[in-house]
Amino acid sequence: MISAAASLRDGIETLQREVRDGARVLDDSYEDGHSAIESWLTDMLGELGGKVHTGRSRNDQVAVALRLYMKDRLVRLKGLCVDIATVLLAKLEAEADLPMPGYTHLQQAMPSSAGLWLAGHAEAFIDNAELAAMTRNWLDASPLGTAAGLGVSLYPISVRL
């Protein structure tokens with residue numbers, strides 16, 4: 001017998017596929033994404049679908065969704081930074097000794113090389129990739145309970161899943 005938690009997880013994964021494939025659309029008939037998910041899960045799973053947000057304020061739900069979105073974007077940003085640094089370093093291999101004139105404030109300065117210039121930019125993108133990873137790790141904490149103001153003491157939430 002499948003547990004309630006597993007049923008909810010499977011339902012959410014089904015919704016994710018259906019939204020991605022265009023079979024479900026978030027439209028004006030729902031207050032927001034959270035109410036749409038709860039409604040869709042209730043349609044799929046009955047009463048169990050309504051328990052997906054039990055004991056959590058709307059502010060908590062938004063805080064979690066925002067963190068999940070930011071974590072996804074930071075993973076993508078890190079990947080792009082690594083890709084750009086990789087291209088710059090590959091170009092450096094081919095052009096390391098290519099002389100490059102130096103300028104400062106529109107005046108000639110000490111000559112340099114394309115390799116030095118490319119390495120400097122690659123290093124900046126590597127730093128950005130590391131910063132994105134550190135920020136994602138910092139965000140990887142539950143914000144639940146931080147935005148709630150009133151609680152749900154009158155509602156018994158000791159529901160077993």
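The values are calculated or read from the model by the stated rules, or taken from the named source; none is laboratory data. All values reported here derive from a predicted model rather than from experimental measurement. Note: ideal-geometry Cβ built from the backbone for every residue, glycine included; neighbour counts use all protein chains shown.
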Does residue 100 satisfy the condition of being under 25 Å from residue 124 (Cα atoms), part of a helix (DSSP H, G or I) and in contact with a Ser or Thr (Cβ under 9 Å, 6 or more places away or on another chain)? no
Sole exception among (1) closer than 30 Å to residue 34 by Cβ; (2) part of a helix (DSSP H, G or I) for residue 55, by number: (2)
Filter result for residue 77 (under 22 Å from residue 141 (Cβ atoms), under 23 Å from the mean Cα position of the chain (by Cα) and at pLDDT 95 or above): yes
Can you run down the residue pairs with Cβ atoms below 7 Å, 6 or more apart or on separate chains, where the first is in the stretch 27-39 and assigned to a loop (DSSP other than H, G, I, E, B) and the partner is surrounded by fewer than 17 Cβ atoms within 10 Å (Cβ to Cβ) and hydroxyl-bearing (Ser, Thr, Tyr)? 30/39
Please go through (1) free of Cβ contacts under 8 Å to residues at least 24 places away in the same chain; (2) within 21 Å of the chain's Cα centre (by Cα); (3) part of a helix (DSSP H, G or I) for residue 67 and return the number of the only condition it doesn't satisfy. (1)
Looking across the stretch 21-42 at residues that are modelled with pLDDT under 95 and charged (D, E, K, R), the single one that is farthest from residue 68 (Cα to Cα) is 28
